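> One structure is given below, represented as structure tokens, and several questions about it will come after.
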Amino acid sequence: MTISIDQSANAPQAARVGGEFFAVPAVGPQTRYEALRAYLLDGEPAAAVAERFGYTTAGLHSAVADFRAGAKNFFLDARPGPKTAPGKDAARTRIIALRAQGYSIDEIAAELAAEGIGLNRTGISEVINEAGLPRIWRRPDAARGGPRRQDLPRARALAADDYAQLPTDAPTRMAGLLLVLPDLLAVDLPALVTAAGYPGTRDIPAINYLLALLAVKLTGTRRVSHVHDLAADPGAALFTGLTALPKTTALTTYSYRLQHAKQKKFLTALDKASVAAGLATGEVLNLDFHAVMHWGEDAALEKHYVPSRSQRTRSVLTFFAEDADSHALLYANADLVKATQNNEVLDFAEHWKTVTGTHPALLVMDSKVTTQTQLGELTQRGIGFITLRARTPKLTAHLHALPTSAWTKLTVARAGGRTRRVQMIEDPAARLSTYPGTLRQLAVAGLGHDEPTILITNQHSMPAKQVIETYSRRMNIEQRLAEAIRSFHLDSLTGAVPLNIDLDVVLTVLAHTLCAALRRRIPGYATATPDTLQRRFLSTGGHILNHGNQIVVRLDRRTYSPVLRQANLPTTSVPWLGGRTVRYEFA
């Protein structure tokens, strides 16, 4: 019997809709799958498979080796990192609901933290972006249900009757701000304000005005105009000795009543106190300019080079001095113009003579701080200096022409106890175009530049190694300025009137000095930067307990509370609080 088989049932059929996906493999896992199948299952030659699928022969063999080693998940998501974010997913509904109510990212983060949901701003931003919702700015406190300015008491100095009316227990976000009270007394802030002759009003004495501006600095508030963020806080009010912090207009216009002469008197008194307290030695002083960019329009300001923008633009030029040993900022001036900025180094030398009775022993500066004429004046006054000399093509060619044997090898110290090997050649009688006389010149190769660094100094007896190391530490002042920008928002407060910036830079020096004093009282934090102190200690919340003639600052329990428990937190009598004592304790 013959069985007939219908061959048409097994005959290839036309591709169905969607089959084109398999005809032309997409680049990626599908191509790798098809290439390995053709080579391993169908037995096609490696060269032919590689050419058909866009591999090299070596690349195909590498894919085969990976496959045999276990790389067989072709169509699974192989991207690194977690596939899910449970915390973010759990908070997604709440985040979208808060955004629908007009909450910004910062406000949402604060609400989630209060509800015990630990999600950072990045996670919140990702949820909002994934939902296709737009970014919004942080709302004013009044719009968020916070205290309105008109609901706060009129800013005035606390009187005897006011202390009796203070609550016995007032919660505060800024109990940590009061940690600097002993340091304010150590530098004798009332005497500093008196020496400067700062003005006050009938309701707000000068010291209270200054403390209000200082509170803005120490809390990292970006602008003085944002004072409303802390105006109603009991800790901030107690710090300043006021019923509430002054209004924005009162603080932003306070500088209009000042002159630069008052700032100089204040810095003179502050530097005397810093030297007496051991916060500065003044043996070596680093100097530098810093341009604070103006962000508005139509400013009647000169153009200066702003490093953060890599361009010359309208800005306020400021001048700073730093103690090389303690890294404390000692001097600042924003009352500068191009025509006279070269003389600022001489003005600072006279300032230091007023502070200590003698001219500074050694000034270290960049070549752009002053000119050869002023360098000659420094030498005539017996003031030592180390600075740079410009690398002219002629000087560079001369150094390259010198034989290797002319260079002396040295090992110089670097930050953190490290060392660097450099080569040096010295000219004890180098001449400059306008400098009267000769200078000692050191060409140093190996300091991180392609061409040798040219140092000039009038210190002929100082060892070459010490000259190089002393100048290398000049970079510390740039770190101090970076700290001031990061912690005290030095670059955020510029206006069209340099007088505003002049007060701001003086307050920056004061805030930096207080942080330097505070970290000496906290074990293990002798080199901590101001932003670290702000984040870990000054931003600590707590309670203000009113016990009549004694005020207790009870600090909340935080990660770094054990550090504060070991710190030197003396009980102090505060003059601007009516002589009441302030004592610290922990929750």
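The values are calculated or read from the model by the stated rules, or taken from the named source; none is laboratory data. It should be emphasised that the depicted structure is a prediction, and the values quoted were computed from it without experimental measurement. With ideal geometry, Cβ positions are generated from the backbone for all residues, glycine too; neighbour counts draw on all protein chains shown.
> Just a yes or no: is a residue in the stretch 360-380 touching a His at 6+ places or on another chain (Cβ under 9 Å) and over 25 Å from H304 (Cβ atoms)? Working first, answer last.
Kept after step one, since they are touching a His at 6+ places or on another chain (Cβ under 9 Å), are these residues of the stretch 360-380: 378.
With over 25 Å from H304 (Cβ atoms) added as a condition, the list becomes none.
The answer is no, given that none of the residues of the stretch 360-380 is touching a His at 6+ places or on another chain (Cβ under 9 Å) and over 25 Å from H304 (Cβ atoms).
> Right, here's the next one. Working carefully through the options T529, T559, find the one that is among the polar types (S, T, N, Q) and closer than 29 Å to H294 by Cα.
Details: T559 fails: closer than 29 Å to H294 by Cα.
Being among the polar types (S, T, N, Q) and closer than 29 Å to H294 by Cα holds for just one of T529, T559, which is T529.
> Shifting gears a bit: Could you please let me know if T571 is at pLDDT 90 or above and in contact with an Asp or Glu (Cβ under 7 Å, 6 or more places away or on another chain)? Show your work before the answer.
Values: at pLDDT 90 or above: yes; in contact with an Asp or Glu (Cβ under 7 Å, 6 or more places away or on another chain): no.
For T571, the condition - at pLDDT 90 or above and in contact with an Asp or Glu (Cβ under 7 Å, 6 or more places away or on another chain) - is not met.
> I'm trying to understand the selection: among the residues of the stretch 28-61, which are under 15 Å from K72 (Cβ atoms), without any contact (Cβ under 8 Å) to a residue 12 or more places away in the chain and assigned to a helix (DSSP H, G or I)?
Result: R37, single match.
> For residues that are of a type in the set (S, T, N, Q) and outside any loop (DSSP other than H, G, I, E, B), scanning just the stretch 254-281, find the one that is nearest to V227 (Cα to Cα). Show your work before the answer.
Step one: of the stretch 254-281, the residues of a type in the set (S, T, N, Q) are 255, 259, 263, 268, 274, 281.
The next check asks that each one be outside any loop (DSSP other than H, G, I, E, B); those that pass are 255, 263, 268, 274.
Numbers: S255: 16, Q263: 22, T268: 28, S274: 28 Å.
The extreme case among them is S255.
> So which of A321, A332, A349 ends up being surrounded by 15 or more Cβ atoms within 10 Å (Cβ to Cβ) and in contact with a Leu (Cβ under 6 Å, 6 or more places away or on another chain)? Can you show your working first?
Working: A332 fails: in contact with a Leu (Cβ under 6 Å, 6 or more places away or on another chain); A349 fails: in contact with a Leu (Cβ under 6 Å, 6 or more places away or on another chain).
Answer to the selection: A321.
> For the stretch 187-224, give me each residue that is small (G, A, S) and touching a helix residue (DSSP H, G or I) at 6+ places or on another chain (Cβ under 6 Å). Let's see the steps before the verdict.
Keep residues of the stretch 187-224 that are small (G, A, S), which gives 191, 195-197, 200, 206, 212, 215, 220.
Matches in the stretch 187-224: A195, A196, G197, G200, A206, A212, A215, G220.
> What residue, among those in the stretch 232-246 that are small (G, A, S) and within 17 Å of V180 (Cα to Cα), is surrounded by the fewest Cβ atoms within 10 Å (Cβ to Cβ)? Walk me through it before giving the result.
So in the stretch 232-246, the residues small (G, A, S) come out as 232, 235-237, 241, 244.
Add one more test, that the residue is within 17 Å of V180 (Cα to Cα), and what stays is 235-237, 241.
Numbers: G235: 25, A236: 27, A237: 26, G241: 22.
For the stretch 232-246, the residue satisfying everything is G241.
> A further question on this structure: Among the residues of the stretch 167-222, which ones are among the aromatic types (F, W, Y) and in contact with a Ser or Thr (Cβ under 9 Å, 6 or more places away or on another chain)? Before you say what the answer is, go through the steps one by one.
Looking only at the stretch 167-222, we keep the residues that are among the aromatic types (F, W, Y), and these are 198, 209.
Across the stretch 167-222, the qualifying residue is only Y209.
> Sticking with this one: Look through the stretch 380-394, keep the residues that are in contact with a strand residue (DSSP E or B) (Cβ under 8 Å, 6 or more places away or on another chain) and not basic (K, R), and return whichever of them is nearest to E350 (Cα to Cα).
From the stretch 380-394, those in contact with a strand residue (DSSP E or B) (Cβ under 8 Å, 6 or more places away or on another chain) are 383-391; that's our starting set.
Pick out the ones that are also not basic (K, R) and you get 383-388, 390.
Working: I383: 11, G384: 14, F385: 15, I386: 18, T387: 19, L388: 23, A390: 27 Å.
Across the stretch 380-394, the extreme among qualifying residues is I383.
> Could you please find all residues in the stretch 448-464 being among the aliphatic types (A, V, I, L, M) and surrounded by fewer than 17 Cβ atoms within 10 Å (Cβ to Cβ)? Quick ask: steps written out before the conclusion?
Initially, the stretch 448-464 is screened for residues among the aliphatic types (A, V, I, L, M), giving 454-456, 462, 464.
Selection gives M462 alone.
> While we're on this one: Taking the stated definitions as given, is T571 in contact (Cβ under 8 Å) with a residue 12 or more places away in the chain, more than 19 Å from P171 (Cα to Cα) and of a type in the set (S, T, Y)?
yes
> Turning to a different aspect of this structure: Of the conditions (1) modelled with pLDDT under 95; (2) closer than 26 Å to S561 by Cβ, V224 clears all except one; give me its number.
Exception for V224: condition (2).
> Does the stretch 255-262 include one or more residues that are free of Cβ contacts under 8 Å to residues at least 40 places away in the same chain and within 18 Å of P575 (Cα to Cα)?
no
> Suppose the filter is surrounded by fewer than 22 Cβ atoms within 10 Å (Cβ to Cβ) and assigned to a helix (DSSP H, G or I); does D229 pass it? So that I can check it myself, show each step before the final result.
Details: surrounded by fewer than 22 Cβ atoms within 10 Å (Cβ to Cβ): yes; assigned to a helix (DSSP H, G or I): yes.
Spelling it out, D229 is indeed surrounded by fewer than 22 Cβ atoms within 10 Å (Cβ to Cβ) and assigned to a helix (DSSP H, G or I).
> With the requirement that a residue be within 17 Å of A445 (Cβ to Cβ) and in a strand (DSSP E or B), what does the stretch 379-393 give you?
Once the filter is applied, which keeps residues that are within 17 Å of A445 (Cβ to Cβ) and in a strand (DSSP E or B), the stretch 379-393 yields only L388.
> What single numbered condition from (1) closer than 22 Å to G548 by Cα; (2) surrounded by fewer than 16 Cβ atoms within 10 Å (Cβ to Cβ); (3) over 31 Å from the mean Cα position of the chain (by Cα) fails to hold for P171?
Checking P171 against (1) closer than 22 Å to G548 by Cα; (2) surrounded by fewer than 16 Cβ atoms within 10 Å (Cβ to Cβ); (3) over 31 Å from the mean Cα position of the chain (by Cα), the one that fails is (3).
> Check every one of the helices (runs of 4 or more DSSP H) wholly within the stretch 101-210 and list those with 3 or more residues that are at pLDDT below 85 and closer than 25 Å to L538 by Cβ. Spell out how you get there, then give the answer.
Values: elements: 105-114, 121-130, 160-165, 181-186, 189-196.
Result: 105-114.
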